[in-house]
1. Residues that are at pLDDT 90 or above and not in a helix (DSSP H, G or I): does the range 36-59 have at least one?
2. How many residues does the range 9-35 contain that are farther than 23 Å from Met100 by Cα and at pLDDT 50 or above?
3. Of all residues in the range 93-113, which are surrounded by fewer than 17 Cβ atoms within 10 Å (Cβ to Cβ) and under 23 Å from Gly54 (Cβ atoms)?
4. Can you name the residue in the range 137-161 that is surrounded by 19 or more Cβ atoms within 10 Å (Cβ to Cβ) and among the hydrophobic types (A, V, I, L, M, F, W, C) and, of all such residues, is nearest to Thr86 (Cα to Cα)?
5. Would you kindly identify the helices (runs of 4 or more DSSP H) lying entirely within the range 66-172 that contain at least 2 residues that are under 15 Å from Gln46 (Cα atoms)?
6. Suppose the filter is more than 13 Å from the chain's Cα centre (by Cα) and at pLDDT 95 or above; does Gln72 pass it?
Amino acid sequence: MSGADAPGDQEKSSAREDVSDGRDETSAERADRNWLEIVQELRVTQTGTQILAGFLLTVAFQSTFADLPVHQHVTYLVLVLLAAATTTLGFLPVSLHRSMFRRHEKARLVTQADVILKAVLVLVSLLTAGVVFFLFDVATTLPIAVAVGIVVALGMVAVLFVFPLLSSRRRR
């Protein structure tokens, strides 16, 4: 071929976005890539949620469960509901994908799934801190459990929210 563009090359290159990250991709390609990244992140959060939920579901079948004080039963039931809510919210992007499939709404799906994934991270953080609190409450004393639960919650906030925020500011 000569130095001239093949038919369609010019249209394809004009559809490409000039973005600061140096990627040569169309908005549809970017949406596809972003969707795949969100799906991978959802897999990670779902695995963690499933492990915590599985642990919680076994607790009620232990012989000593009936001997726990009322506040520990309430804590346990709140954690089971939180695990169910986290799991359900984690499925929402999949449900949205099914409803938007082949409608050329991937960019909107990515935007909505991003918000949902952030909410899932908040719930997973609460669930993790809650499970640690519950375990320490059963194994030690309530004041120790409160202290450890707070430390874990603060650690989750630092690792999942503050550190990424500071890291993104440094890059700018």
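The values are calculated or read from the model by the stated rules, or taken from the named source; none is laboratory data. Computed from a prediction, not measured in an experiment: that's the story for all the values here. Cβ placement follows ideal geometry from the backbone for every residue including glycine, while neighbour counts extend to all protein chains displayed.
1. no
2. At the first step, the residues of the range 9-35 found to be farther than 23 Å from Met100 by Cα are 9-14, 16-24.
From what is left, the residues that are at pLDDT 50 or above are 16-17, 19-24.
So the count comes out to 8.
3. Val94, Ser95
4. Going residue by residue through the range 137-161, those that are surrounded by 19 or more Cβ atoms within 10 Å (Cβ to Cβ) are 137, 145, 149, 156.
Those left that are additionally among the hydrophobic types (A, V, I, L, M, F, W, C): 145, 156.
On the way: Ala145: 23, Met156: 16 Å.
Among residues in the range 137-161 that are surrounded by 19 or more Cβ atoms within 10 Å (Cβ to Cβ) and among the hydrophobic types (A, V, I, L, M, F, W, C), the one nearest to Thr86 (Cα to Cα) is Met156.
5. Working: elements: 70-100, 106-139, 142-157, 163-171.
The qualifying helices (runs of 4 or more DSSP H) are 70-100, 106-139.
6. Values: more than 13 Å from the chain's Cα centre (by Cα): yes; at pLDDT 95 or above: yes.
Against the criterion (more than 13 Å from the chain's Cα centre (by Cα) and at pLDDT 95 or above), Gln72 qualifies.
Per-residue answers, yes or no, for (1) touching a residue at least 40 places away in the same chain (Cβ under 8 Å); (2) under 24 Å from Val151 (Cβ atoms):
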{"residue": "Ala31", "(1), (2)": "yes, no"}
{"residue": "Phe55", "(1), (2)": "yes, yes"}
{"residue": "Asp67", "(1), (2)": "no, no"}
{"residue": "Val80", "(1), (2)": "no, yes"}
{"residue": "Thr88", "(1), (2)": "no, no"}
{"residue": "Ala107", "(1), (2)": "yes, no"}
{"residue": "Val110", "(1), (2)": "yes, no"}
{"residue": "Val132", "(1), (2)": "no, yes"}
